[in-house]
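As structure tokens, the structure follows; a few thoughts come after it.
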Amino acid sequence: MKYFDLIFGLASYSRNLKKNITCHATVSLTKSPGYFDGIELRGKKRFQSKLTAMKMGGIKFYYNLGYWFLLFIPLVFFGFYPTYFAIILRPMPSIVHVHFTLMTIWVLMVIVQPFLIKFKQIKWHRRVGKLSYAIAPLVIISVYLMMRKKYYTEISSFRELVSNGRQHYSNNQIMQQVSADISITAVYLLWFILFYSMAVINRRKTHAHSRYMLATTLLLLGPTLDRITYNIFGENIFFMPGEALTYLIIDLVLAALLIRDYQSKRSVKVLAICLIVFVTGQVLYFTVPGSDAWA
């Protein structure tokens, strides 16, 4: 009888242990990606476990991000219609078309990736992610070249106005004004480099990766909404600069998601870092450009 008791006891212990492993798997997912309490999961099994954790962990918003990102298609069209789509057949520097093509590819990748997660296409999600390793540096280079083009074009325009006697600017004033004009692009570029790099570094940590990529994607609102508000309201919206509205929208989105994570008892560290970086950059944007140090 002792042997039978021992056998039944071991069987019962085994069943309870299996249940505990299953229950703790979701909880420990963000702490040890790829492992459930020491049991390594690979390939599709690991991916499906992450999806289960996402659904059960109260982050349905991230699971359905693809639907939200579809809004970028009409926003980009309306934002860039006057300055690009309406004049696309006119002669313009090649870098403009190259930059727009790269940004279009980037937007499409941003939209597709959450859907690949949602529909469990793990292999394609990873392939597109690896493709971004090539596209992101090209985007950065194209943004820099667009900044450089705008910098020298505006300097030439100001100097032409001065030589014709239509404006009276010193060389230092011209440099300050032009530097201030490209400062917003410089700020967005630095944010892009930072958040995308952090997303890649944390690519195996679902919680951190998804939030850094969200912060990277929110940067697309800047050039898009800034142009829409400028086309409708001009440089200022009531009592504030047009770009301040975009900054406010980004801050509110991050703050709302941070509160959501806090209420769901999830780590708020990543979103807090993103929000602090955004606010710091916004403060610097409104205080530093136009100064002697910036020029």
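Every number in this text was worked out from the coordinates using simple rules, so none of it is lab data. For clarity, every value in this text was computed on a predicted model and none was experimentally measured. Positions of Cβ are generated from backbone atoms using ideal geometry, with glycine treated the same way; all protein chains shown enter the neighbour counts.
Please report the relative contact order for region 130-219, taking Cα pairs under 8 Å with a sequence separation of at least 6, and give it as a percent rounded to a whole number.
Details: 45 pairs, mean separation 21.1, N = 90.
Relative contact order, region 130-219: 23 percent.
Put in line by how crowded their Cβ is, counting other Cβ atoms within 10 Å and starting with the fewest, His97, His207, His168, His125 read His168, His97, His125, His207. Computed from the C-beta positions of Tyr169 and Lys120 and an R0 of 51 Å, the FRET efficiency is 0.30 to the nearest 0.05. Taking amide H as placed 1.01 Å from N in the peptide plane, Ile237 has its amide H under 5 Å from the amide H of Gly242, each at least 5 places away in sequence or on another chain. Using the Cβ-Cβ distance between Arg159 and Val112 with R0 set to 35 Å, the FRET efficiency works out to roughly 0.20.
Estimate the FRET efficiency between Ile105 and Leu248 by the formula 1/(1 + (r/R0)^6), using the beta-carbon distance for r and 30 Å for R0, to the nearest 0.05. Write down the numbers at each step before the final one.
Details: r = 29 Å, r/R0 = 0.96.
E between Ile105 and Leu248, to the nearest 0.05, is 0.55.
When the trypsin sites (Lys or Arg not before Pro) in region 136-217 are filtered for DSSP coil states and for at most 13 other beta-carbon atoms within 10 Å of their beta-carbon, the remaining sites are Arg166, Arg204. Modelled this way, with points 7 Å down the Cα-to-C-beta line, the labels at Ile87 and Leu284 are 3.2 nm from one another.
Given Cα pairs under 8 Å that are at least 6 residues apart, what percent is the relative contact order of region 55-287?
18 percent
How much net charge surrounds His97 when only the other residues with a Cβ under 13 Å from the Cβ of His97 are counted, with Lys and Arg +1 and Asp and Glu -1? Around His97, the charge tally is +2.
Counting other Cβ atoms within 10 Å, keep those with at most 15, restrict to DSSP loop, and tell me which trypsin sites (Lys or Arg not before Pro) in region 90-123 are left.
On the way: sites: Lys118, Lys120, Lys123; in loops: Lys120.
Qualifying residues, ordered by number: Lys120.
Direction-averaged shadow area of the convex hull around the Cα atoms of region 55-287, nm²?
Projected area, direction-averaged: 14.7 nm².
Between Lys269 and Tyr63, full extension at 0.36 nm per residue minus the direct alpha carbon distance yields a gain of 72.2 nm.
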